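*Asks:* One structure, pasted below without further comment.
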2 protein chains.
Amino acid sequence: MTEFRRDPITGKWVIIAAGRAKRPDYFKKEQKQGDVVVSCPFCPGNEDKTPKEIRVDPMEAGQNPYWRIRVVPNLYPAAGIIKEGLERPQKLGLYSTMKGYGAHEVIIESPHHNIPFEDQPIEHLMLLFMRFKERVIDLYKDDQIKQVVLYKNHGREAGASISHPHSQLITLPFVPDDLKEELNGARAYYAKEKSCIWCDILMQEMRTNLQIFDETGTSIVRADPLKERVVFENRGFVALCPFASKFPYEMHIIPKRHSHYFGNFGEKENFQEIKDLAEIFKTVIKKLNKALLGIYPESVPYNFFLHTSPNLKFRWNEDKFKTLEFDFHWHFEIHPRTSIEAGFEKGSGSYINVVAPEIASKELRDAPLEIQPSV
Amino acid sequence: MTEFRRDPITGKWVIIAAGRAKRPDYFKKEQKQGDVVVSCPFCPGNEDKTPKEIRVDPMEAGQNPYWRIRVVPNLYPAAGIIKEGLERPQKLGLYSTMKGYGAHEVIIESPHHNIPFEDQPIEHLMLLFMRFKERVIDLYKDDQIKQVVLYKNHGREAGASISHPHSQLITLPFVPDDLKEELNGARAYYAKEKSCIWCDILMQEMRTNLQIFDETGTSIVRADPLKERVVFENRGFVALCPFASKFPYEMHIIPKRHSHYFGNFGEKENFQEIKDLAEIFKTVIKKLNKALLGIYPESVPYNFFLHTSPNLKFRWNEDKFKTLEFDFHWHFEIHPRTSIEAGFEKGSGSYINVVAPEIASKELRDAPLEIQPSV
């Protein structure tokens, strides 16, 4: 039984999902048989250990396993679908509470337990990003869903409880806090500047000859070297370590083409854009592993997640999002988990980052890439 | 060299502190000699391994070691004092940056490497909380300091890099995000209700016979059992698991006496109030360890931190905090680190809590306390 509760002071919603405490820790007891882990619920042959598929990409007839990507409901959902539908929050004195409503899905990225995300062939990653997009579009047809949060946990330090490569998505009937702050900030910027702040950040980061002035109109002394924080770029995307990175080696993957909504990604069969996203993701994760090989001999634990616009069809859209199409800009963020948040971060919500993004981006740029054989 | 950088989208400040990456991990190489760990910079005999003391509580003359509590600057500061003083933020195109200014201090809680916080005698904890308070008062004399963040990391999972019991404080020239949200929420509540929201939360949580109505004026069906979320209380304080707890076993310690500022705590030599705080802290940490003994045989990793008002004497107080004295209410929060934040939390800023606060508070209430011999 899942319940949303609102903090009476900050107004933030928390998800109380007592059932999830029971989920098993599969890391402890992996029994391998060749490429297949007998005890892994995501490995071929164990398809009956997950709930019924929402979406499956089949292999060609007669092949084994029968699938390439499976999307299934999470067996231990954080936000279980409730048949009766979404209800308005109830007051309990100072407190507000709302019955859980939403979906929690797992995207099993491939049948191969031991092939991580970044070692998949480009064509397979293209298919995966198409499935990400289709799930968002499909879920946004439900006017009881306000926001999809799509994310990946890689490694135990990043919160993964199953090592078989998989991504997840959770839907919410509200815009979660970090995204709300971005939306508000972007809207305020658009109101003032009549342009998208991500487009302008890309302009500044990618500039070839940009003059910068301080508040009095004087040209400032400090000038960043060219593309100092850029890790990699291709035709469609830029991967950079943001100026105010909260974590060492934090990277944002930003599309050059302005769009508020991930559902517009690769539209009109723009396979070049899909390929560009697959390539830049594969490249920067490989670079991350290479750059930190001395500290993480296997692979760097990380989370990635999507920031895309809320569902404009949500039934109780009180805020109008009139300019959302122009002011928001979908993107992915990659947060390597190389440090532990401590009391300062917990107590302040501010972050101490011990690796400047200019240092991180240089190390990542300089990390050599090996050509991996396709599988 | 420390630098504050503002995120151009959300407006949040991040601390870039490259020097801290070099700090050693003392956990790995502890060499014990009785009660003293040779390699520990906080153990007696190693006083020269820390910078010069800011404050020291001496033992009686001739005793060894010569001190009971030491306050020293952090050797690897997140916010190093800069002689020239605080400067206004500089613009760099879309970005804002500010030179580091502030203090980062370590409070070495006792000479005993192996006596954790909660096993200290009440009288020693009273002295410790008095030192916490005095450091806050002393630092707020500097009009270049806007906010003190006082916190403790216990255990590696909570971010501690030295196991010798210690607390820390960092000062900032801005109000950090989580505290700003609390201040804004509390101010909005006060503007509407003309009362402090923490006082009203205590009223609701401690009620003996409170009727609750929904928005239409109908008495609601659901009524919480009496003091359902309260873990412990004494004359001066209440420890409770908040209604919208973000983490399993999260506890807030809230003074019953309204005050916005921790500097007012125990004023006019109110030793009862100081003793009450020491007692409730000792009690609930012991209960936490007892309740989770099966999972953490040694002790539960946790952070605690203080939320107190910003410095009203700050030189650039743009926001006026006119009602701060009435609307804010200082308190401590304890965040046990029993789970790892994963991609959902990173990507949304929302939290999934797998242990309902009503369950957590019951387990903590029911955890028996042993009487520990004083040291």
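The values are calculated or read from the model by the stated rules, or taken from the named source; none is laboratory data. All values reported here derive from a predicted model rather than from experimental measurement. Cβ: placed from backbone, ideal geometry, glycine included. Neighbour counts: every protein chain shown.
*Asks:* Conditions first: (1) part of a loop (DSSP other than H, G, I, E, B); (2) without any contact (Cβ under 8 Å) to a residue 24 or more places away in the chain. A:LYS91 passes all but one, so which condition is the exception?
*Replies:* (1)
*Asks:* Check off (1) buried (at least 16 other Cβ atoms within 10 Å of the Cβ); (2) within 14 Å of chain A (Cβ to nearest Cβ) for B:LEU127 and give me the number that stays unchecked.
*Replies:* (2)
*Asks:* Another question, if that's okay. Pull up the stretch A:131-169, narrow it to residues that are hydroxyl-bearing (Ser, Thr, Tyr) and surrounded by fewer than 19 Cβ atoms within 10 Å (Cβ to Cβ), then point me to the one that is nearest to the other protein chains (Cβ to nearest Cβ). Give the steps one after another, and end with the answer.
*Replies:* Of the stretch A:131-169, the ones hydroxyl-bearing (Ser, Thr, Tyr) are A:140, A:151, A:161, A:163, A:167.
Subsequent filtering for residues that are surrounded by fewer than 19 Cβ atoms within 10 Å (Cβ to Cβ) retains A:161, A:163.
On the way: A:SER161: 9, A:SER163: 14 Å.
Step by step, filter the stretch A:131-169, then rank; the result is A:SER161.
*Asks:* Quick check on my filter: what residues within the stretch A:182-197 are surrounded by fewer than 19 Cβ atoms within 10 Å (Cβ to Cβ) and either touching a helix residue (DSSP H, G or I) at 6+ places or on another chain (Cβ under 7 Å) or not polar (S, T, N, Q) (or both)?
*Replies:* We begin by selecting, within the stretch A:182-197, every residue surrounded by fewer than 19 Cβ atoms within 10 Å (Cβ to Cβ); these are A:184-185, A:188, A:190-195.
Of everything in the stretch A:182-197, those that are surrounded by fewer than 19 Cβ atoms within 10 Å (Cβ to Cβ) and either touching a helix residue (DSSP H, G or I) at 6+ places or on another chain (Cβ under 7 Å) or not polar (S, T, N, Q) (or both) turn out to be A:GLY185, A:ALA188, A:TYR190, A:ALA191, A:LYS192, A:GLU193, A:LYS194.
*Asks:* If you don't mind, there's one more thing I want to ask. Give just the number: which of (1) buried (at least 19 other Cβ atoms within 10 Å of the Cβ); (2) assigned to a loop (DSSP other than H, G, I, E, B) does A:ILE115 not satisfy?
*Replies:* The one condition A:ILE115 does not meet is (1).
*Asks:* For the stretch A:248-260, how many residues meet the condition of being touching a Phe, Trp or Tyr at 6+ places or on another chain (Cβ under 7 Å), in a loop (DSSP other than H, G, I, E, B) and surrounded by 20 or more Cβ atoms within 10 Å (Cβ to Cβ)?
*Replies:* Qualifying residue count for the region: 1.
*Asks:* Please go through the stretch A:42-57 and give me each residue that is in contact with a strand residue (DSSP E or B) (Cβ under 6 Å, 6 or more places away or on another chain) and not in a loop (DSSP other than H, G, I, E, B), ordered by number.
*Replies:* Once the filter is applied, which keeps residues that are in contact with a strand residue (DSSP E or B) (Cβ under 6 Å, 6 or more places away or on another chain) and not in a loop (DSSP other than H, G, I, E, B), the stretch A:42-57 yields A:ARG55, A:VAL56, A:ASP57.
*Asks:* Since A:ALA79 meets every condition but one in (1) within 14 Å of another protein chain (Cβ to nearest Cβ); (2) modelled with pLDDT of 90 or more, which condition does it not meet?
*Replies:* Unmet condition: (2).
*Asks:* Just checking, which of A:TYR296, A:TYR261 is of a type in the set (Ser, Thr, Tyr) and farther than 27 Å from A:GLU157 by Cβ?
*Replies:* Details: A:TYR296 fails: farther than 27 Å from A:GLU157 by Cβ.
Result of the check over A:TYR296, A:TYR261: A:TYR261.
*Asks:* What single numbered condition from (1) within 14 Å of chain B (Cβ to nearest Cβ); (2) in contact with a Lys or Arg (Cβ under 7 Å, 6 or more places away or on another chain); (3) surrounded by 22 or more Cβ atoms within 10 Å (Cβ to Cβ) fails to hold for A:VAL238?
*Replies:* (1)
*Asks:* With the checklist (1) of a type outside the set (Ser, Thr, Tyr); (2) surrounded by 22 or more Cβ atoms within 10 Å (Cβ to Cβ); (3) within 21 Å of B:LEU75 (Cα to Cα) in hand, flag the one item B:GLY85 doesn't pass.
*Replies:* (2)
*Asks:* Just need a number here: residues in the stretch A:303-328 that are within 12 Å of chain B (Cβ to nearest Cβ) and either touching a Ser or Thr at 6+ places or on another chain (Cβ under 7 Å) or surrounded by fewer than 19 Cβ atoms within 10 Å (Cβ to Cβ) (or both).
*Replies:* Number satisfying all stated conditions: 1.
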